[in-house]
Amino acid sequence: MEVTHLIENIVNHIDAGLFLRDVSTKEAIYYSPGFFKIWEVEEVDWNEQTDSFLNFVHPDDKARVEANHHKFIKSDTRRNDEYRIITPKNNEKWVWVRTFPVYNTQGELYCQAGIIEDITYKKTVEKDLTSLTKSKDEMLRMLSHDLRSPLQSILGLTQLLEMETHSLDNQDLSKYIQLIKESCNFANNLMADLLDTHSLEEGKGELNLSETKLSKLLTESCHMFEQQAIKKNISLNLIIDAAHDSEMTLDATKIIQAVNNLLSNAIKFTSRHGQVTVTLNDASNYATICVKDSGIGIPADKIPFLFDKFTKARRAGTSGEKTTGLGMSITKHIIDQHKGEISVESKVNEGTSFIIKLFK
């Protein structure tokens, strides 16, 4: 087999694209099949003009690519570039392009050549790794800061108890024990939220679907928070009415977790003698769960960040209750898993309403 034919056969069977440009006319004289495959266009439909490819370069990259392209056709220097393209089929891709001069045996510039390769998968992996690294860094930051705080509190209180055991009365002992208990609960909640977040991000939080009565779930959830509400003299009400027998296919454990997060926040950010109301409404093709409180409300500039992981909207409750900053992110992920919607309405010093919409 002739070398020329062998090379042509190889070029025709690789995914990367090859193109050649005449140095005198600056017009392209060859495109390999891989070139047209990357651009998702038929050879007969390709515009032969020198800079026609610029029409498909992503708007955010076009100025830089155009400048580099003009430098290339005016010189014989080797260049590498990475940029995004939008193909005629409206698919966005990342490509890597190397352009270089080709000389004949006399050392004269023969043509300008280029290789183009689809690196979309590589860029996607890099983005995912960057996001994962950022997430791990955030978790380590939280572990080193937020988990360290309750552990230091526990250590300090136990040392105090050890030193002053004989001088403390029952009331003081109860107070210290309660503080230790609160610190332990916060540390436990933080670890649970971190594990839930990691599980959801790793795609391990699969839904265990079953026919479930929403009214039963909400009754159980409200019952779990009765004592927490009583401690702050908060009136906790559940309104079901006609939706009493409404059944939906969902993951009961996860929906309870989502509602619990909302109820916990509602009580946490409502002052003493306030009110929290959970309402279930049933429509023909969806059901809504509304958790409404008469609490301190959320500033308008914090609402856009409310469902972010390690949210900027994070703050202490009205009685100094701590928060991990992960609960709302987990809640949003759970509702998204159910193909539902969650929204918030809030006014400072008037209260907040979270509305979950679950479709049948």
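Any residue that is assigned to a loop (DSSP other than H, G, I, E, B), modelled with pLDDT of 90 or more and not small (Gly, Ala, Ser) - is there at least one of those in segment 320-341? Steps first, please.
As a first pass, look at segment 320-341 and keep what is assigned to a loop (DSSP other than H, G, I, E, B): 320-326, 338-340.
Add one more test, that the residue is modelled with pLDDT of 90 or more, and what stays is 338-340.
Of the ones still in play, those that are also not small (Gly, Ala, Ser) are 338-339.
Checked against the condition, which is being assigned to a loop (DSSP other than H, G, I, E, B), modelled with pLDDT of 90 or more and not small (Gly, Ala, Ser), segment 320-341 yields at least one hit.
Would you mind stating whether LYS302 is among the basic types (Lys, Arg) and closer than 16 Å to SER343 by Cβ?
So LYS302 fits the description; yes.
Per-residue answers, yes or no, for (1) modelled with pLDDT of 85 or more; (2) assigned to a strand (DSSP E or B); (3) in the same structural domain as GLU126 (by TED's automatic domain parsing):
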position: ILE10; (1), (2), (3): no, no, no
position: PHE36; (1), (2), (3): yes, no, no
position: ASP60; (1), (2), (3): yes, no, no
position: HIS70; (1), (2), (3): no, no, no
position: ARG84; (1), (2), (3): yes, yes, no
position: TRP96; (1), (2), (3): yes, yes, no
Open item on the list: When you scan segment 270-280, do you find a residue that is more than 14 Å from CYS222 (Cβ to Cβ), hydrophobic (A, V, I, L, M, F, W, C) and in the same structural domain as LEU217 (by TED's automatic domain parsing), even just one?
Closed with: no
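Please find, among PRO59, PRO88, the residue that is out of contact with any strand residue (DSSP E or B) (no Cβ under 6 Å at 6 or more places or on another chain), closer than 30 Å to GLU126 by Cα, touching a residue at least 40 places away in the same chain (Cβ under 8 Å) and not polar (S, T, N, Q). Let's see the steps before the verdict.
Numbers: PRO59 fails: touching a residue at least 40 places away in the same chain (Cβ under 8 Å).
Exactly one residue qualifies, and that residue is PRO88.
If I ask for residues that are in a strand (DSSP E or B) and touching a Gly at 6+ places or on another chain (Cβ under 7 Å), which ones from segment 260-309 would you list?
Just the residues of segment 260-309 that are in a strand (DSSP E or B), to begin with: 275-282, 286-293.
Across segment 260-309, the qualifying residues are LYS292, ASP293.
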Open item on the list: I'd like to check something: does segment 169-183 contain any residue that is at pLDDT 70 or above, closer than 20 Å to ILE330 by Cβ and surrounded by 12 or more Cβ atoms within 10 Å (Cβ to Cβ)?
Closed with: no
Open item on the list: Restricting to segment 206-258, name every residue that is in contact with a His (Cβ under 8 Å, 6 or more places away or on another chain) and surrounded by fewer than 12 Cβ atoms within 10 Å (Cβ to Cβ).
Closed with: ASN233
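Could you please find all residues in segment 246-255 being part of a helix (DSSP H, G or I) and either touching a strand residue (DSSP E or B) at 6+ places or on another chain (Cβ under 7 Å) or under 17 Å from LEU326 (Cβ atoms) (or both)?
Just the residues of segment 246-255 that are part of a helix (DSSP H, G or I), to begin with: 252-255.
Matches in segment 246-255: ALA252, LYS254.
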Task: Cβ pairs under 9 Å, 6+ apart, first in segment 334-353 and buried (at least 20 other Cβ atoms within 10 Å of the Cβ), second among the polar types (S, T, N, Q) and assigned to a helix (DSSP H, G or I) - done: ILE334/GLN257; ILE334/ASN261; ILE342/THR331; THR352/ASN265
Task: Count of segment 54-87 residues which are exposed (fewer than 14 other Cβ atoms within 10 Å of the Cβ) and farther than 19 Å from GLU27 by Cα - done: 6
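The values are calculated or read from the model by the stated rules, or taken from the named source; none is laboratory data. Source: prediction; values computed, not measured. Methodologically, a virtual Cβ is constructed for each residue, glycine included, from the backbone with ideal geometry; neighbour enumeration extends over all protein chains shown.
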